[in-house]
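Shown next, in structure tokens, is the structure this report addresses.
Just so it is clear, none of the values below were taken in a lab; they were calculated from the coordinates. Predicted model only: the values in this text are computed from it and were never measured. Virtual Cβ from ideal backbone geometry, glycine too; neighbours counted across all protein chains shown.
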Amino acid sequence: MKGLVSSIQQPGFSLNHLLHAAAQKVARWLQLYRQRQQLASLSDATLHDLGLSRADIQQEAERHFWDDPLRK
């Protein structure tokens, strides 16, 4: 009927959506962990070429896996 408002409302989220979001978060954390490990394995010459110091890299490598600078 026209003008009738349904009392049934869809939730703003679903279990599937929550699982997908959680999987994406875990994948991002794994990506950060791997990137930090690769960065820590670079040679001093490569770091110099990039304008980074070993101390900069050590600080980044020691960050927690969930510490995402982009907050993705």
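Before moving on, here are some points about what is shown:
- Extended-chain gain in nm, criterion 0.36 nm per residue less alpha-carbon gap, R34 and H64: 9.6 nm
- Each Lys and Arg adds +1 at its Cβ and each Asp and Glu adds -1 at its Cβ; summed about the Cα centre, the range 19-61 shows a dipole of about 320 debye.
- Förster radius 35 Å - calculated FRET efficiency between K25 and S53 (Cβ-Cβ, nearest 0.05): 0.70
- When the alpha-carbon atoms of the range 19-61 are used, the pair Rg, Dmax equals 13.5, 43 angstrom.
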